[in-house]
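What follows is a short report on a single structure.
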Amino acid sequence: MRIKTLSRSSDEFTRERSQDLQRVFHNFDPSLRPMEKAVEYQRALKAAKLEKIFARPFIGAMDGHRDGVSCMAKNPNYLKGIFSASMDGDIRLWDISSRRTVCQFPGHQGAVRGLTASTDGNVLVSCGTDCTVRLWNVPRPTLEDSSVSSENIIKPSAEYVWKNAFWAVDHQFEGDLFATAGAQLDIWNHNRAQPVQSFQWGTDSVISVRFNPGEPDILATSASDRSITIYDLRMSSAARRIIMMTKTNSIAWNPMEPMNLTAANEDGNCYSFDGRKLDEAKCVHKDHVSAVMDIDFSPTGREFVTGSYDRSVRIFPYNGGHSREIYHTKRMQRVFCVKYSCDATYVISGSDDTNLRLWKAKASEQLGVILPREQKKHEYNEAVKNRYKHLPEVKRIVRHRHLPKPIYKALGVIRAVNDSKRRKEERRKAHSAPGTIVTKPLRQRRIIKEVE
Amino acid sequence: MELSSEDNNLTDKVLPPVEQESDVELETKVKKYLRGEGANLETLEDKKLKTHLASREKLYGKSAKAAAKIEKWLLPAEAGYLETDGLEKTWRVKQTDIANEVDLLSSRNQYDIVLPDFGPYRLDFTASGRHMLAGGRKGHIALVDMMSMNLIKEIQVRETVRDVAFLHNEQFFAAAQKKYAYIYGRDGTELHCLKERGPVARLQFLKNHFLLASVNKSGQLHYQDVTYGGMVASIRTGKGRTDVMEVNPYNGVVALGHSGGTVTMWKPTSQAPLVQMQCHPGPVSSVAFHPNGHLMATSGKERKIKIWDLRKFEEIQTIHGFHAKTLSFSQKGLLAAGTGSFVQILGDSSGGSSHNYSRYMNHPMVKGYQIEKLMFRPYEDVIGIGHSMGWSSILIPGSGEPNFDSWVANPFETSKQRREKEVHMLLDKLPPETIMLDPSKIGAMRPSRRKEKPSRGEIEAEKEVAIEAAKSTELKNKTKGRNKPSKRTKKKKEMVENAKRTFPEQGHNTTLKKRRIGEDAAAELPTSLKRFARKN
């Protein structure tokens, strides 16, 4: 006869000294945890509510410009700094942590339309409506600089005058070429006073330009004839071109998937394309009510931020049709430029009311150093909320955002208009011979044609 | 081609048979942790959703495998067992034999506490098995720490005590006394007197919902939330007085056993029972639930114990022999039945889905002891017996869960851990609407069904509610001689009639078939006389 009974001696299950941690034993058997799904659902509900309680995305505003902020540039080597330029020719370098100006770069006579930094962070290129391109030497940031409140005034290291006003500038990722957009697309070298290469197509001006992060010789531009063109510097003419129904204000390449680009369009939508196949959009991101002015991708490649003429900043997932988050303030007027910070934590928006605003990318995130236990708790809350986010009560809380009244009303109007269009289309289809009326999918509807 | 197939056969045989067996074992464990079947992704048309769900299913598989491996290698203790060899049978093993074989710490768990003056004792254990509450019928209530065998507090309430129950931890307990139920703190101070319930016969506490459920002498079921004291539901069962009440730990439904042999299951949000099962021809003596929620054991006065499968509501097994006054399931699935002064433990001889309960152990007690309540102690191989001369405890190897989880129930809790656990339990408190027969339905898709007609019980309940509402509406106070009492009563009667009229008579729904007189008569006649029925 063999008998064994459970006997637990307390010294195996309790700590030896009071300085030790308490002992914890795990048994993951589901039969010890009745009603676990209900408990998880309650936790998901509480996690959603807590997230809303801690959602305070606005950190601060950077005040200093005297006219609306027209463009911004970030320096990939220096996380704390951001360049911004305004409509009266004032260029500043800001220190984000103290939200103060570190250097000023005066010199432009008119509005500064484009701002970009070279990849090593030493040279800042700016272009404006006064038909000049200026190159500046960015001072090396030292510890003294950030603590001293006096601002430095830097003189330009080079000033190139050209024939027409410029609309945008972008620097190559690996190399020392930069491209300007104006009456035509010009490629410049740092040391030359004249463009090295020029691309022209038709008579319309090019309004934005962006180099590909993966391929140093490929760039995408958008022109005022509602087209998006992809150029290869090694060829003498454009590689691909599509014409859409409305003009594209800005383009951004996905840093993690460099063949994909997203275009911020005048009709309030953002269109993601595969650069190799431009005849159909991969995804249409709809949520803005008015023209989307600027777009920037997060360094993770999973999200992008857009600023729009309707006074709001939205954050979209890279493959999702609707925005995950909207930021707005009564004091923020038309947003002209947005940037996602290089550590994927902050979003900076520059708007018409002369302020740059600093927001958190995740509204309820706890900034600063987080203890491992806190981190685990946050991850658990996130996971359990995502598991039950389809249930109506949780969804209602997670989805809820306060919208400013003009945007809310405009969304209602847009919805009514689209519904009636759709109904009319359905009725037309129902009353005509099958196959005669074909609805184009939304991904193709806004593209007129592809031109070689 | 034939050579290659032979090669394959050889490679199969190369794996040692022990490895193969452990793979099979691991498979069964993984199944337990997977908690059901994966979703069928073939029917989905949305590609994004399909890929997303496929990656999620893979993650579930990985985590189930990891949990199975942890169970295999990392758990500190193994379950107890009692194995006999040869002709010896397990039920012939006495407690004295066990005491000889087992270590000192375990043999301390075998004892008899004789308290002859205070009547039959009812027991309750906390979830971790560390504290025990014993309530004698003549008013003696004792709170004992089982690990140190320390009497924490004993009080004499000088009234009949019909049942005792712990609340969420050992700091609070409830006692059903002569006229009302009372809630006491750990040091014996009376905290609350629950007057609304009337004279309570049985008390049960639902841990996840913080609901104190009780059934009183007139058969009314009350649910009260102990966190804020509000009465969540008071349900008139309509089946008369009953002494048999158990909570199913798997889904939180309360089962009552009635004198007509039916077992009804209740949830606080409905006035009609969830399930009504006719279990026995005579009164039901006792009901017990298996911790996995699928098995229910009931015993009736006709000396049968029946084991039911709650998924199909079918009887699996009947055990003949004795009238079990009290039944209890252990964490590992052993069933204890107590009658008179005799305790019998039945064990599940076949594992898996088919259940076959057979004799495992016996314990005859001193002839004078009448067993009042049996309860297995959680996480220990011990059963507590409350009887007319006090309480006892005996060893049953293999009945307790060997490995506890500190976050679920910790027998070695410090006071700081207890306080934190209380806060976490309150944060995770479930609303009473989550009590349902199948708790895994939460988060699942509800199949769309056509509008079903409400059942008769529900219609009756709704009708009663409407009539109550009509009766309690306040009539406007009319002036200038228009407020005659006769007119007021007439108006009130009219309102009640209107409320009743909205519910059509039950009889009208069934379509009356027009039958010929001859056919009617033929149907009513017994078979031997059918040839004399008039034929048309």
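The values are calculated or read from the model by the stated rules, or taken from the named source; none is laboratory data. Everything quoted here is computed from the prediction, not taken from an experiment. With ideal geometry, Cβ positions are generated from the backbone for all residues, glycine too; neighbour counts draw on all protein chains shown. Surface accessibility is based on the protein's heavy atoms, side chains included, excluding ligands, DNA and RNA. Shrake-Rupley method; radii C 1.70, N 1.55, O 1.52, S 1.80 Å.
Basic side chains Lys and Arg get +1 at the Cβ, acidic Asp and Glu get -1 at the Cβ, and with that the dipole of the protein assembly as shown about its Cα centre reaches some 6620 debye. Cα centroid separation, segment A:203-264 to segment B:38-70: 39 Å. Treating each Cα of segment A:229-296 as one equal point scatterer and applying the Debye formula with no solvent, the log10 of I(q)/I(0) at q = 0.13, 0.21, 0.26 Å⁻¹ comes out as -0.36, -0.89, -1.24. In chain A, helical runs assigned H by DSSP with n ≥ 4 each contribute -39500 (n - 2.57); averaged across all residues and rounded to the nearest 500, the mean residue ellipticity at 222 nm is -5500 deg cm²/dmol.
Identify, among A:Ile154, B:Gly188, A:Asn265, the residue whose Cα sits farthest towards the positive end of the charge dipole of the protein assembly as shown, taking +1 on the Cβ of Lys and Arg and -1 on the Cβ of Asp and Glu, with the dipole about the Cα centre. The Cα lying farthest towards the positive end belongs to B:Gly188. Cross-link partners of A:Lys395 among lysines, defined as those whose alpha carbon lies under 19 angstrom from its own and excluding same-chain residues fewer than eight positions apart: A:Lys37, A:Lys46, A:Lys49, A:Lys52, A:Lys362, A:Lys385, B:Lys441.
Stokes-Einstein, applied to the Kirkwood radius of segment A:58-364 over Cα pairs at a viscosity of 1.002 mPa s and 20 °C, places its translational diffusion at 112 µm² s⁻¹. If only the Cβ of Lys and Arg carry +1 and only the Cβ of Asp and Glu carry -1, the dipole of segment A:378-452 around its Cα centre is close to 380 debye. Of the residues A:Trp167, A:Asn77, A:Ser349, the one whose Cα sits farthest towards the positive end of the charge dipole of segment A:58-364 is A:Ser349 (charges of +1 on Lys and Arg Cβ, -1 on Asp and Glu Cβ, taken about the Cα centre). Considered as an equivalent ellipsoid built on the Cα gyration tensor, segment B:93-199 has semi-axes of 29, 15, 11 Å, the largest given first.
The lysines whose alpha-carbon is closer than 16 Å to the alpha-carbon of B:Lys500, local same-chain residues fewer than 8 away aside, are B:Lys463, B:Lys471, B:Lys490, B:Lys491, B:Lys492. Per residue of peptide A:387-397, the mean number of Cβ atoms on other chains within 10 Å of the residue Cβ is 1. Do you know the relative contact order of segment A:263-361, to the nearest whole percent, from alpha carbon pairs under 8 angstrom that are 6+ apart? Reported as a whole number, the value is 20 percent. Taking the Cα centre of segment A:58-364 as origin and assigning +1 to Lys and Arg Cβ atoms and -1 to Asp and Glu Cβ atoms, the resulting dipole is close to 460 debye.
Evaluated over the Cα positions of the protein assembly as shown, the convex hull gives a direction-averaged projected area, one quarter of its surface, of 69.7 nm². Shape analysis of segment A:78-220 yields a ratio of the Cα radius of gyration to the Kirkwood radius, Rg/Rh, of 0.98.
The local environment of A:Thr439, defined by Cβ-Cβ distances under 11 Å, has a net charge of +4 under the rule Lys, Arg +1 and Asp, Glu -1.
Calculated FRET efficiency, A:His322 and A:Asn122, Cβ-Cβ r, R0 60 Å, to nearest 0.05? The calculated FRET efficiency here is 0.90.
When A and B come together, around 4600 square angstrom of accessible surface is lost from both chains combined, probe 1.4 Å. Peptides A:157-166, A:330-339 ranked from most to least packed, by the mean per-residue count of other Cβ atoms within 10 Å: A:330-339, A:157-166.
Across segment A:58-364, the mean sequence separation of Cα contacts (distance under 8 Å, 6 or more residues apart), normalised by length, yields a relative contact order of 13 percent. When you restrict to C-alpha pairs under 8 Å that are six or more residues apart and normalise by the size of chain B, the relative contact order lands at 11 percent. Count Lys and Arg as plus one, Asp and Glu as minus one, and take only other residues whose Cβ is under 12 Å from that of B:Leu395; the net charge is then -1.
Sorting the Cα pairs of segment B:300-354 by distance into bins of 10 Å, from 0 upward, gives 21, 55, 23, 1 percent per bin.
Between the residues B:Leu310, B:Val382, B:Pro432, the greatest Cα displacement towards the positive end of the dipole of chain B, with unit charges on the Cβ of Lys, Arg, Asp and Glu, is found for B:Pro432. Averaged over the residues of B:103-112, the number of partner chain Cβ atoms lying within 10 Å of the residue Cβ comes to 2. Compactness ratio for segment B:281-332: Cα radius of gyration over 2.2 N^0.38 Å (N = residue count) comes to 1.07. Of all aspartates and glutamates in the structure, those lying under 16 Å Cα to Cα from B:Lys301, and not within fewer than 8 positions of it along the same chain, are B:Asp243, B:Glu372. The residues of segment A:58-364 expose, per residue, 38 Å² of accessible area to a 1.4 Å probe. Eigen-decomposition of the gyration tensor built on the alpha-carbon atoms of segment A:399-452 gives equivalent ellipsoid semi-axes of 30, 19, 9 angstrom, largest listed first.
Largest first, the extents of the alpha carbon coordinates of chain B on the three principal axes equal 96, 80, 65 Å.
Share of carbon and sulfur in the accessible area of chain A stands at 51%, probe radius 1.4 Å.
Take each residue in B:392-399, count the other chain C-beta atoms within 10 Å of its C-beta, and the mean is 2.
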